[in-house]
Amino acid sequence: MLKPDQLLRQLLPRRFSLIQKLTILTGTVVVLFMTLFAWVNINNLQKLLVNNTIRDLDNLASTIIRMTHHQMLVDNRVVVYQMINEVANRPGIERIRMINRSGVIVHSTATDEIGQLLDQKAAQCNLCHKPGQTLIRPPLLERSRFFTLPNGKQVMGLAKAVQNEQSCSTAACHAHVASTKVLGVVDIIVSLDVLKADLASYRNRIILLTVLLIILLGASLTFFTLHLVNRPVNELLRHTARLAQGQLDCEMTPTSNDELGELMRAFQLMTNNLRQARNDLEEWGRTLEEKVRDRSEQLQRMQMQLVHTEKLASLGELVAGIAHEINNPLSGILIFSSLAAKDKRLDPALKGDLETISSEAQRCAGIVKGLLEFARDYQPKMTVCDINQVVVDSLRLVECQSVFQNVAILRQLANDLPLIMADQNQLKQVFINIFINAGQAMQDLKRGELKIITARAGDPAGGVILRISDSGYGVPEEQLGKLFDPFFTTKGTGGTGLGLSVSYGIIQAHGGTITAESSIGVGTTFSISLPPCTDSNQTDPGV
Ligand SMILES: Nc1ncnc2c1ncn2[C@@H]1O[C@H](COP(=O)(O)OP(=O)(O)OP(=O)(O)O)[C@@H](O)[C@H]1O
Ligand SMILES: [Mg+2]
């Protein structure tokens, strides 16, 4: 059982589309106007046919009067009636009769009515004999009448007055008085069958033509509306639906150059702009994400550097105290062990032990020296210098060492670098330490490669960048964060683990940064950036 609202929805027509509305409206208008046009046409045609028939009958009546005029003058009624009878034989003529001015039918092709006296109120008489007046020459159309014969046939009658002429009033036989205007009436009655058949035939043709025109008009209107309106509107609708679903990459080709074509072009332009805006927005979002990521990493690096710097500072203080305390007893050990070694009383068997004590004490002194260097509050002696020159000088000091025997040294030193403010000796200390570390990392290789690149920094300050890469064994990822920690070494007794931490301090004291990247089996790269020489840092020796 359907609910009332469901029933209503089923009964009510569904939503009409634009093309359906247009078709229904234009169809209704076309049908209405064409029907009106056909109806007016049929009516006009009917009037025209009736008027033509009336005129034909009037002409026939005139012909009969003209034809019989002479015989009437000689009062030869037999010939007159014969002539009338012959004319009445024409198809469609029902009867012809002559009525004299007294209203008596003097002759009729329907012989039974001859001699009858007609009343002036009779249909055939009251056309001229109107109440209160008699029309001598009534208008043609007013002299016709339509009626039905007793046998049911529909007919039309036309009465034409026989006017009194001069020849009539002077004729020898039966002269009429000259003042008499009308001598009698010729009344012709014709069948309406032919007229009705013609009319029906015309009407059918007009109806057929109208129906054909309606169909043709409807079909052409529908075709053109479909082609010119429906197609572009549907295309626009599809396009808008796709846009609503967020498919901004959809394309639409205008189907015409008219307003709808313009609309389609405008829509496509709008889609392209929307797509561009969305792409820009997405790109912007991506860039923003990248920027946020970069900044976060930068922040993290800075934080790590800060922690590292603080760690180094507190460690420095500690180390400085310990190194100072150790230095004095160590000097004693060194002096007394060398004195003991020279003493003649010494058992030669103990000489070797004393030499070991002396060399180990010297190693300790080296460590203590390194510690003091690490802990020392750097006061660099700043001068304007060319970093390329410092690199070349540092290389010259180490390249002959055995660790570089199988190493190819490549230099890519930019020649447009700004000058820097630096303590050249300290910088050399940093570079030499990195070169020796690199050489040691490659000494087991048959052929190593040390690459030194200097370049102008891309940052707005416009400093210099130095990259030192080797093709050595690399640093495992878990050790990379400890490289700049004091005492971190993988070289056992062969290293103090202070080289990089001292380098870190020096570079920092120069206002620069030092970082390391490494891949196991590929190599390690140290990147050092230093600020350029400016008016402010040139005059500030404390930098
Ligand atoms: N180019 C490199 N390739 C591989 N590992 C390296 C490289 N440079 C440094 N390292 C690692 O970092 C550690 C610390 O280096 P650092 O220069 O501070 O101390 P060291 O070289 O061990 O000792 P020192 O410099 O006092 O002789 C090294 O022991 C080594 O393990
Ligand atoms: Mg080292």
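The values are calculated or read from the model by the stated rules, or taken from the named source; none is laboratory data. Every value quoted in this text rests on a predicted model; they were computed, and no experiment measured them. Here the Cβ is made from the backbone with ideal geometry for all residues, glycine too, and neighbour counts use every protein chain on show.
Would you point out which residue out of Thr493, Thr534, Thr513, Thr489 is hydroxyl-bearing (Ser, Thr, Tyr) and within 54 Å of the chain's Cα centre (by Cα)?
Thr513
Could you grab me the full set of residues in segment 424-453 that are away from ligand 2 (no atom under 16 Å from the Cβ) and surrounded by fewer than 21 Cβ atoms within 10 Å (Cβ to Cβ)?
If the condition is that a residue be away from ligand 2 (no atom under 16 Å from the Cβ) and surrounded by fewer than 21 Cβ atoms within 10 Å (Cβ to Cβ), then Gln424, Asn425, Asp444, Leu445, Lys446, Arg447, Glu449, Lys451, Ile453 are the ones that fit.
I need the full set of residues from segment 46-74 which are in contact with a Lys or Arg (Cβ under 8 Å, 6 or more places away or on another chain) and surrounded by fewer than 16 Cβ atoms within 10 Å (Cβ to Cβ), in order please.
Hit for segment 46-74 is Ser62, nothing else.
Kindly check whether there is at least one residue in segment 527-539 that is within 16 Å of ligand 2 (Cβ to nearest atom) and among the aliphatic types (A, V, I, L, M).
yes
Looking at Arg77, Arg66, Arg55, Arg90, can you tell me which residue is modelled with pLDDT of 90 or more and more than 60 Å from the chain's Cα centre (by Cα)?
Arg55
With the structure loaded, tell me whether Leu334 is of a type outside the set (Val, Ile, Thr), farther than 30 Å from Gly505 by Cα and touching a residue at least 12 places away in the same chain (Cβ under 8 Å) or whether it fails that test. Give the steps one after another, and end with the answer.
On the way: of a type outside the set (Val, Ile, Thr): yes; farther than 30 Å from Gly505 by Cα: yes; touching a residue at least 12 places away in the same chain (Cβ under 8 Å): yes.
Spelling it out, Leu334 is indeed of a type outside the set (Val, Ile, Thr), farther than 30 Å from Gly505 by Cα and touching a residue at least 12 places away in the same chain (Cβ under 8 Å).
Tell me yes or no: at least one residue of segment 226-237 is part of a helix (DSSP H, G or I) and surrounded by fewer than 14 Cβ atoms within 10 Å (Cβ to Cβ).
Yes, some residue in segment 226-237 is part of a helix (DSSP H, G or I) and surrounded by fewer than 14 Cβ atoms within 10 Å (Cβ to Cβ).
Just the residues that are within 16 Å of Arg301 (Cα to Cα), within 16 Å of ligand 1 (Cβ to nearest atom) and hydroxyl-bearing (Ser, Thr, Tyr), please, taken from segment 518-536. Spell out how you get there, then give the answer.
Residues of segment 518-536 within 16 Å of Arg301 (Cα to Cα): 526-529.
If we keep only those that are within 16 Å of ligand 1 (Cβ to nearest atom) too, we end up with 526-528.
Listed by number, the list holds a single entry, Ser527.
I'd like the full set of residues that are over 23 Å from Gly366 (Cβ atoms) and crowded, with 16+ Cβ neighbours inside 10 Å, limited to segment 306-353.
Hit for segment 306-353 is His308, nothing else.
Scan segment 346-363 and report the pairs whose first residue is over 19 Å from Thr493 (Cβ atoms) and whose second residue is of a type in the set (Ser, Thr, Tyr), with Cβ atoms within less than 9 Å and a gap of 6+ or a chain change.
So the pair list comes out as Leu354/Ser337; Leu354/Ser338.
From the residues in segment 470-484 that are of a type in the set (A, V, I, L, M) and near ligand 1 (Cβ under 6 Å from one of its atoms), which one is modelled with the lowest pLDDT?
Leu483
Hey, could you check segment 474-484 for residues that are buried (at least 18 other Cβ atoms within 10 Å of the Cβ) and not aliphatic (A, V, I, L, M) and say which is nearest to ligand 2 (Cβ to nearest atom)?
Only one residue tops the list, namely Phe484.
Against the conditions (1) of a type outside the set (S, T, N, Q); (2) under 28 Å from Leu315 (Cα atoms); (3) surrounded by 18 or more Cβ atoms within 10 Å (Cβ to Cβ); (4) near ligand 1 (Cβ under 6 Å from one of its atoms), where does Lys491 fall short? Just the number, please.
For Lys491, the failing item is (3).
Being under 24 Å from Ser471 (Cα atoms) and of a type in the set (Gly, Ala, Ser) is the filter; apply it to segment 498-520 and report the residue that is nearest to ligand 2 (Cβ to nearest atom).
Looking at the filtered set, the residue picked out is Gly499.
Which residue, of Gly495, Gly523, is farther than 21 Å from Ile387 by Cβ and within 15 Å of ligand 2 (Cβ to nearest atom)? So that I can check it myself, show each step before the final result.
Details: Gly523 fails: within 15 Å of ligand 2 (Cβ to nearest atom).
Going through Gly495, Gly523 in turn, just one is farther than 21 Å from Ile387 by Cβ and within 15 Å of ligand 2 (Cβ to nearest atom): Gly495.
For segment 502-517, give me the residue count where each residue is within 12 Å of ligand 1 (Cβ to nearest atom) and either charged (D, E, K, R) or at pLDDT below 90 (or both).
Residues flagged as within 12 Å of ligand 1 (Cβ to nearest atom) and either charged (D, E, K, R) or at pLDDT below 90 (or both) within segment 502-517 amount to 3.
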